[in-house]
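Engineer: Pasting a structure here, questions to come.
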Amino acid sequence: MGRRKDILEELSLSNPSATIPLPCDISNHNSFDNAFEKAISLLNYIDIAIICAGIGELNPSLQFELEEETISTNVVGWTYVMDKLYHLMENKGKGQIVSITSISGLQPTPVAPSYSASKAYQINYTKSLQAKSKKTPILITEIRPGLVDTRMAKGEGLFWVMPVEKVTQQIIRAIDKKKKLRVVTNRWKILNWIVKHFM
């Protein structure tokens, strides 16, 4: 699922027997519900769901329209999807939800306040669901990346920007190993520890 229909179709063409492209916008509940219901009707169940939904713009002038768009996707829409999947797996009694958060959630970002705040929200909400599911067969995995070489890496003086291929390999291994938390890559794990204990 995703908002960019052309990319979904491109991915589907590369492996049509193993993909079902379902365009949707999680900031629109009806849009997500339609895609979600279609997925369930075709697959019957979802064993692993990866929630990699997040937008953010540099917004030092605090244009509210940009902040609102980020919050609508990263907080409201994201929570709606997380809850929907949790209820699905709770009713089935099994499943794994993978939440892609960000190192940005550990430290306020003056040039992108709603982005860093929304990622802090995602980190804490994910931890809350991990605590809630502790005595159930539902597994909640948090993947916490640093800067990745995608269009989300914005701004001047960026450092430790990681190649997508390296990051995705580590994410796949963490999901397979059913990790509770995986900070990617290892150099960002060091920074994650420093921020958590000294800042």
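The values are calculated or read from the model by the stated rules, or taken from the named source; none is laboratory data. Everything numeric in this text was worked out from a predicted model, so none of it was measured. A quick note on method: Cβ atoms are made from the backbone with ideal geometry, for glycine too, and the neighbour counts reach across all protein chains shown. Protein only, heavy atoms only, side chains kept; ligands, DNA and RNA dropped before computing areas. Shrake-Rupley method; radii C 1.70, N 1.55, O 1.52, S 1.80 Å.
Engineer: Applying the selection to the stretch 1-15, what residues are closer than 19 Å to residue 46 by Cβ and surrounded by 12 or more Cβ atoms within 10 Å (Cβ to Cβ)?
Structural biologist: Residues of the stretch 1-15 closer than 19 Å to residue 46 by Cβ: 1-2, 8, 11-12, 15.
Correct list: 1, 2, 8, 11, 12.
Here's the yes/no breakdown for (1) in contact with an Asp or Glu (Cβ under 9 Å, 6 or more places away or on another chain); (2) modelled with pLDDT under 95:
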site: 99; (1), (2): yes, no
site: 103; (1), (2): no, yes
site: 139; (1), (2): no, no
site: 142; (1), (2): no, no
site: 166; (1), (2): no, yes
site: 192; (1), (2): no, yes
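Engineer: Another question, if that's okay. Given (1) out of contact with any helix residue (DSSP H, G or I) (no Cβ under 6 Å at 6 or more places or on another chain); (2) crowded, with 17+ Cβ neighbours inside 10 Å, identify the lone condition not met by residue 58.
Structural biologist: (2)
Engineer: A follow-up question, please. What helices (runs of 4 or more DSSP H) completely inside the stretch 1-113 contain at least 3 residues that are under 26 Å from residue 137 (Cα atoms)?
Structural biologist: Working: elements: 5-14, 29-43, 64-71, 78-92.
Of the helices (runs of 4 or more DSSP H) lying wholly inside the stretch 1-113, those with at least 3 residues that are under 26 Å from residue 137 (Cα atoms) span 29-43, 78-92.
Engineer: Mind checking whether some residue in the stretch 50-59 is more than 20 Å from the chain's Cα centre (by Cα) and not aliphatic (A, V, I, L, M)? It would help to see each step written out before you state the result.
Structural biologist: Step one: list which residues in the stretch 50-59 are more than 20 Å from the chain's Cα centre (by Cα), which gives 59.
Add one more test, that the residue is not aliphatic (A, V, I, L, M), and what stays is 59.
Taking every residue of the stretch 50-59 in turn, at least one turns out to be more than 20 Å from the chain's Cα centre (by Cα) and not aliphatic (A, V, I, L, M).
Engineer: List every residue pair whose Cβ atoms sit under 7 Å apart, with the two residues 6 or more apart in sequence or on different chains, where the first one lies in the stretch 28-52 and is at pLDDT below 95 and the second, anywhere, is open to solvent by 100 Å² or more (accessible area, probe 1.4 Å).
Structural biologist: Partner pairs satisfying both residue conditions: 45/92.
Engineer: Scan (1) within 23 Å of residue 77 (Cα to Cα); (2) modelled with pLDDT of 90 or more; (3) open to solvent by 30 Å² or more (accessible area, probe 1.4 Å) for the single condition residue 150 breaks and write down its number.
Structural biologist: Only one criterion is unmet by residue 150, namely (2).
Engineer: Here is a further query. What are the pairs with Cβ atoms under 6 angstrom where one residue, in the stretch 98-119, is without any contact (Cβ under 8 Å) to a residue 12 or more places away in the chain and the other, located anywhere, is outside any strand (DSSP E or B)? Sequence gap at least six, or different chains.
Structural biologist: Pairs that qualify, where the first residue is without any contact (Cβ under 8 Å) to a residue 12 or more places away in the chain and the partner is outside any strand (DSSP E or B), are 108/116; 109/116.
Engineer: When the residues of the stretch 16-31 are filtered to those that are closer than 21 Å to residue 51 by Cβ and over 19 Å from the mean Cα position of the chain (by Cα), which remaining residue is least open to solvent (accessible area, probe 1.4 Å)? Please lay out each step first, then the result.
Structural biologist: The first filter runs over the stretch 16-31 and keeps only residues closer than 21 Å to residue 51 by Cβ, leaving 18-31.
Within this subset, residues satisfying the condition of being over 19 Å from the mean Cα position of the chain (by Cα) are 18-20, 30.
Working: 18: 74, 19: 49, 20: 75, 30: 108 Å².
Ranking the qualifying residues of the stretch 16-31, first place goes to 19.
Engineer: A further question on this structure: Assuming residue 160 fulfils every condition listed in (1) aromatic (Phe, Trp, Tyr); (2) assigned to a loop (DSSP other than H, G, I, E, B); (3) at pLDDT 95 or above apart from one, which condition is it?
Structural biologist: Going through the list (1) aromatic (Phe, Trp, Tyr); (2) assigned to a loop (DSSP other than H, G, I, E, B); (3) at pLDDT 95 or above, residue 160 breaks only (3).
Engineer: Is one or more of the residues making up the stretch 78-99 open to solvent by less than 60 Å² (accessible area, probe 1.4 Å) and in contact with a Lys or Arg (Cβ under 6 Å, 6 or more places away or on another chain)?
Structural biologist: No: the stretch 78-99 contains no residue that is open to solvent by less than 60 Å² (accessible area, probe 1.4 Å) and in contact with a Lys or Arg (Cβ under 6 Å, 6 or more places away or on another chain).
Engineer: Sticking with this structure for a sec: Just one of the numbered conditions (1) at pLDDT 95 or above; (2) touching a helix residue (DSSP H, G or I) at 6+ places or on another chain (Cβ under 7 Å) is not true of residue 2; which one?
Structural biologist: Among (1) at pLDDT 95 or above; (2) touching a helix residue (DSSP H, G or I) at 6+ places or on another chain (Cβ under 7 Å), the lone unmet condition for residue 2 is (1).
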